[in-house]
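Working notes, structure below.
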Amino acid sequence: METIKLSLDREMFWQKPAGKDVPKINNRIAGCVHAVSPTEKGMRDLAEKIGIDGHTFCPATFKDGIRNQAHFEQQQFIALDFDSKTPDTTITLEDARARAERYGLRPVFAYDTLTSTNHNKFRMVFLNDTSICHRKVAEAVQLALGRYLFPESDPLCYRDISKMYFGGKELRYFDRTIPTIDVETVFRRMTQHLKETDPKHYKERLVTFSRKTDIALNKHGFLDVMMLYDSTELPGAVNNVQNGGNSPNSIIYSPNIKANGENPPKWYKIGVNESTSKTSVVTSVTNTDVTVKEKKNHKKYRSQDLKKIHQKCQLFREFEAGKRDMTHDELFGLATNLLQVETGIKRFKEIQLKYPEFYDTERMKEWERHLSYIDQEEYKPQCCSGFCPYCEKCEHGTNILSSSCPKGVLMERIPGYSEEFCSIEELQDDTYETISKAFYARDDKVHVIRSQTGAGKSYSYLRLMSENPEMRFIIATPTNLLKDETEDKAIRMNIDAKKTPSLEQIKGDIPPKVWKHIQKLYKGGQHGMVHIYIQQVLEKEKVPCLEKYMKEREALKDYKGNVITTHRYLLTMDENRLKEFDTIIIDEDIIFKSVIPNQGEITVSELKKMMDKSADSCLLKKIKEILKQAKEQSCVKADRFEWDKEDDEIIPFDLPSFCLAEKFYIRRKSKEKNLKEDSVSFLKPVFFKDVKYIMVSATANEAICRLYFGENRVKFYECKKAKYMGRLNQYPGKSMSRSSIASSPGIIRRLINRFGFSEERVITFMKENIGNLHFGNTEGSNTLEGKNILVIGTPYHADFLYKLAAFTMGIDFDEDEEMEMQVIEYNGYRFRFKTFKNADLRAIHLWMIESELEQAVGRARLLRNSCEVHLFSSFPISQSHMVVDFDYNKE
């Protein structure tokens, strides 16, 4: 919890300072900055120092140790001095407190001054909920409190922001709950006071107040001051600098002393007149940057939505039924939400009229004024956590409306959600220590380590290799590109390592006819025939690249050092070969990158033809069983067996994998628009051996890993997180799925032109034919490191793939379930998203989308570079700064 600062003199006085004491106090007090904990003990200690021990204080702190208005730094305490010099200024502490209570502006403590007789001179001290770093705002708050709400106070209180207050001789009052005031309530109460006392000319007086203080007026002629609970209503161009001064363009006041997880974040939007222009000061407790919504002529929520509010909100039901007398805060919170609903305020008044035992004539008049002010000031719906006593028991969003009847684009922070961040150095150390812990574990489990992109994962396992030269490692990467990069790093670290040769990397040098035949063998699952065929080719003709490949392959069999390979190669190695190594490290999520993408598929018609031609009883039995089940269901099971009849005949289908697979999904052309005929799809079987694996990835998901590898075989580690050095701006206004993009022709080109980026800095879907990288092939590329880039798209796959993956992992679900738009929570946000209702299916869906987006965003290496990524997707990514109501049509 943040401390509160003020200037507190170190000397005690039993009598009012006079003579030389006053200039001495003046000279030293600005250098006596005192920090107070906003706890009962901390505040009581301060109250006793001032109110009993006679310490002089200034509510403000100052720059350079100089106490004057020009050197004002900030203040959070506000003091009022009452000295009863004239009958008009005579007021008792009891009456002053009663008025403060009525206004909802309770002081923290009050004390008698050193010259008080019969309690006729006293001071009240208030605590604002944010530190006020802008002098004009501080002066305006002092003026509103002293000149208008408490006109009996000494005018010097609001004329001089640097005023000193001498200590006292008796603490008259202390509120152990440590109440706070806020700038919005102060200005709202002042406006109501002016309207009550001078209804004909109160707006003229507001104009005068605005001219004196530079607090701007809104279009209704009221002070442009508003409390916001919804971050989507904040100005977008806010600079997070707490430097005070007179420029409102660089101010954010923070933090809110109540922001402890139990209370919602709050912001105060304060319009400030600067010369002839109007700008905004925003007081805030968070650093969320968003844009401002434009007001529509009709209300977003219709009258029928009141029924949904009744069904969802317990507090509203109690209000409707008149079960109890509501507190001011509860009613105010309800009113700010009902204001957004057609007939909502009318319903609010009707309910109050129904229960005169709670709402007498005077209270109804008071609420008439509140409702008018809320409406004219265009208040935003208050956060449930700010007023509702049931918020801990209820599944709710930010406010009543988003909880009961979410509409359109919904992207709101889950109340109380926060992430802890460490330094990059701590992240690197933690990543290395976690990988080391898995390395030294004596078991045959799958150790999964999740650590951010750019956290030093490859450096950590290479360091372990260099520190343990007597041990043998296998490093498996998702691509040949990463394999080569890892080998280069190992060489630079003087690590003895060799990489496995790749036919894919030399395909350009292989005679086209030979390469075409090799591809057919791979496609048919006849992997064992590939090298036999290459030997046959080399016996007939000289092909240097293939000779080199075979030589490197043979040398690797007898090599006793470390091996760097790919996921696919690792999965073909038998258990005896794997046991020759001490450690197997898998770089990146092998399930996402190499298991799920490795699908087999055959049309039903081709399967029937195969059944007609084959004489193999096991194959015939399997095909018949699949076709039989396919008549009534999409998820099909059939026993596995090993196909061992490899020969020279080319099979245009991976029959060996088909025979080994046990679970299949029937894709039907009646349900998939672009499917020409019914097909049988399956994941090609992968068998992880009974050895220890260490998988390090930025996108690994614990639930998915346990489903795939087995609950008891996985040890999952979550490393610390570091805050991005760069910035991730996310625009969730459109889904940006393939269909969304197709329905908005030219949208990607408009975005490219608007941001002024070259196509090479854009990552989107492959079919758009833009840039060098696209979803599905971003791993390992460093070409965009440190550059500002655009990532456009929400990479949905066809529904069948999620169901096939879930079925293969043994998840039970309704195979007829289709994705639908719903409100979900993920990554600290509550948002509308098209996904599955089934929790396990949804987990697979969201994991795959998040993995793809994180990989794309990660190409800029935001963790270590001060660049920007602009992400256009409706799926929230960690550390995003949400930008709503972006104009997609603007060129």
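Electrostatic tally near ASP444: other residues with Cβ closer than 14 Å to its Cβ, Lys and Arg +1, Asp and Glu -1, net +3.
P(r) for region 599-683, from all Cα pairs and a bin width of 10 Å, is 17, 54, 25, 4 %, short bins first. Once you have the Kirkwood Rh of region 102-241 from its Cα pairs, apply Stokes-Einstein at 20 °C and 1.002 mPa s and quote D in µm²/s. My calculation gives 127 µm²/s for D. Based on the alpha-carbon gyration tensor of region 4-180 and its eigenvalue square roots a ≥ b ≥ c, which shape applies: rounded if a/c is under 1.5, prolate if not and a/b is larger than b/c, or oblate? Taking the square roots of the gyration eigenvalues as a ≥ b ≥ c, region 4-180 is rounded. Among the listed pairs LYS307/LYS393; LYS307/LYS407; LYS513/LYS767; LYS692/LYS834, those whose Cα-Cα separation exceeds 26 Å are LYS513/LYS767; LYS692/LYS834. Mean projected area of the Cα convex hull of region 680-719, taken over all directions, amounts to 3.9 nm². The distance between label points at GLU362 and LYS676 comes to 8.4 nm (points 7 Å beyond Cα on the Cα→Cβ vector).
Taking Cβ atoms as reference points and 13 Å as the exclusive limit, the residues near ALA30 contribute a net charge of +4, counting Lys and Arg as +1 and Asp and Glu as -1.
Determine the relative contact order of the chain: mean sequence separation of Cα pairs under 8 Å and six or more apart, normalised by residue count, in whole percent.
Contact order relative to length: 10 percent.
Structural descriptor for region 599-683: relative contact order 38 percent, calculated from alpha carbon pairs under 8 angstrom and at least 6 residues apart.
Calculated FRET efficiency, TYR417 to TYR559, Cβ-Cβ distance, R0 = 56 Å: about 0.65 to the nearest 0.05.
Per residue, the chain reaches -10000 deg cm²/dmol at 222 nm when only DSSP H runs of four or more residues are counted, each adding -39500 (n - 2.57).
For the pair SER878 and GLU817, the difference between a 0.36 nm per residue extended length and the Cα-Cα distance amounts to 19.1 nm. For the peptides 446-453, 41-48, 631-638, 877-884, residues were scored by their other Cβ atoms within 10 Å and the scores averaged per peptide; the highest-first order is 446-453, 877-884, 41-48, 631-638. Would any residue of region 435-470 have its amide N under 17 Å from a label point 7 Å out along Cα→Cβ of ASP582? List them or say none. Taking a point 7 Å out along Cα→Cβ of ASP582, the residues of region 435-470 whose backbone N falls under 17 Å are 435-444, 460-470.
My understanding is that a pair violates if its Cα-Cα distance is over 22 Å; which of LYS489/LYS560; LYS445/LYS579; LYS300/LYS354; LYS483/LYS803; LYS483/LYS723 do that in this structure? Result: LYS300/LYS354; LYS483/LYS803; LYS483/LYS723 exceed 22 Å.
Would you please state which residues of region 1-44 a label at ASN68 would reach in this model, taking the label point 7 Å out along Cα→Cβ and a backbone N cut-off of under 17 Å? 23-31, by backbone N distance to the label point.
Take the Cα radius of gyration of the chain and divide it by 2.2 N^0.38 Å, N being the number of residues; the result is 1.20. Let me make sure I get this right: for region 1-59, a, b and c are the square roots of the gyration tensor eigenvalues over alpha carbons, sorted descending. Under 1.5 in a/c it's rounded, otherwise prolate if a/b > b/c, else oblate. Which is it? Note, shape of region 1-59 comes out oblate.
FRET efficiency for the ASP887 to ARG749 pair, using the beta carbon distance and R₀ = 25 Å, is estimated at 0.95.
Computed from the alpha carbon positions, the gyration tensor of region 305-413 leads to an equivalent ellipsoid with semi-axes of 22, 16, 12 Å, biggest first.
Here is the list for region 460-547: GluC sites (Glu not before Pro) lying in DSSP coil, each with at most 15 other C-beta atoms within 10 angstrom of its C-beta, are GLU470, GLU541. Projected onto planes of every orientation and averaged, the convex hull of the alpha-carbon atoms in region 90-150 covers 4.9 nm².
Computed 3J(HN,Hα) for region 740-752, one whole-Hz value per residue from the Karplus formula 6.51 cos²θ - 1.76 cosθ + 1.60 where θ = phi - 60°, is 5, 5, 5, 7, 10, x, x, 5, 5, 4, 4, 5, 4, glycine and proline marked x. How about region 334-381: which GluC sites (Glu not before Pro) there lie in a loop by DSSP and see at most 10 other Cβ atoms within 10 Å? Those that pass, being in a loop and sparsely packed, are GLU357.
Other residues whose C-beta falls under 13 angstrom from the C-beta of LEU863 contribute a net charge of +4, scoring Lys and Arg +1 and Asp and Glu -1.
Of LYS498/LYS548; LYS308/LYS673; LYS516/LYS689; LYS621/LYS663; LYS5/LYS203; LYS308/LYS346, which sit over 24 Å apart, Cα to Cα? The answer is LYS308/LYS673; LYS516/LYS689; LYS5/LYS203. Would you mind getting me the FRET efficiency between GLU318 and PHE716? Use the beta-carbon distance for r and R0 = 41 Å, nearest 0.05. E between GLU318 and PHE716, to the nearest 0.05, is 0.40.
Cα gyration tensor of region 609-754, axes a ≥ b ≥ c as square roots of the eigenvalues: rounded (a/c below 1.5), prolate (a/b > b/c) or oblate? Judged from the Cα gyration tensor, region 609-754 comes out oblate (a/c at least 1.5, b/c at or above a/b).
Since every read-out is calculated from the coordinates, none of them should be taken as a lab result. Computed from a prediction, not measured in an experiment: that's the story for all the values here. Please note: Cβ atoms are built from the backbone with ideal geometry, for glycine as well, and neighbour counts cover all protein chains shown.
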